[in-house]
């Protein structure tokens, strides 16, 4: 940042998109804590900079509950506004975990294996070193040519006759996860039927329980939204209304 043609030093206020931000600059680069605010003055985002590098970011809901943390030396974590985890990602191990509404893991993925669980922690599918692992399921063919995947005398998944569309089920029968081998689209569902997460090529959308988007990623571009559907953070934001306050 520059002031009067020189690299600026001091505390400044400015707008990133439509939200007010306050933070410190040293010789033109951000250094220290930057705070971004909701219109009512509550904290929306806290960014920590060290010599221009963003080393930690915390996002907050309007009620003050932590929405997510992104840091160089910590796991990425996203939360719902009731404090329950949505997902975690460990950059060092490559492990990601997506969680059910009740807090139990839904899908655990790392470099070597992937596993899918229902809301009661029962494993429905596992792949290890690119090979399916026998977890005690059997495939039952139906009269219409479709299939059911059965475990402990209970249907845990349904497969169409072409073997292209797989639906994993909650313990109570609702669709939990749908994998379309023909289109490459994977879709997770809440028990109420709304889409929880959808993966389509390079596009990934993570939703609130009412179906509104929480996080969107399209290639290298990303956006984060609050519960009202308002965009509160993205990979690029226009900075305006700069003024020095200290």
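Values for this structure:
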item	result
Residue match in region 231-238 (condition: on the phi > 0 side of the Ramachandran plot and surrounded by fewer than 17 Cβ atoms within 10 Å (Cβ to Cβ))	no
Checking residue 122 against (1) within 22 Å of the chain's Cα centre (by Cα); (2) touching a residue at least 40 places away in the same chain (Cβ under 8 Å); (3) surrounded by 12 or more Cβ atoms within 10 Å (Cβ to Cβ), the condition it does not meet	(1)
Subset of region 155-182 [exposed (fewer than 11 other Cβ atoms within 10 Å of the Cβ) and within 30 Å of the chain's Cα centre (by Cα)]	172, 173, 182
Yes/no for residue 92 being within 25 Å of the chain's Cα centre (by Cα) and either part of a loop (DSSP other than H, G, I, E, B) or loosely packed, with under 12 Cβ neighbours inside 10 Å (or both)	yes
Criterion: free of Cβ contacts under 8 Å to residues at least 24 places away in the same chain, closer than 22 Å to residue 169 by Cα and in contact with a strand residue (DSSP E or B) (Cβ under 9 Å, 6 or more places away or on another chain) - qualifying residue of 99, 79	99
Pair list, Cβ under 8 Å, 6 or more apart: region 135-154 residue on the phi < 0 side of the Ramachandran plot and loosely packed, with under 10 Cβ neighbours inside 10 Å, other residue at pLDDT 95 or above and in a strand (DSSP E or B)	138/149; 138/150; 138/151
Selection from region 32-68 of residues that are under 21 Å from the mean Cα position of the chain (by Cα) and exposed (fewer than 12 other Cβ atoms within 10 Å of the Cβ)	63, 64
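The values are calculated or read from the model by the stated rules, or taken from the named source; none is laboratory data. Please read all numbers here as calculations on a predicted model, not as lab measurements. So basically every Cβ, Gly included, is an ideal-geometry build from the backbone, and we count neighbours across all protein chains shown.
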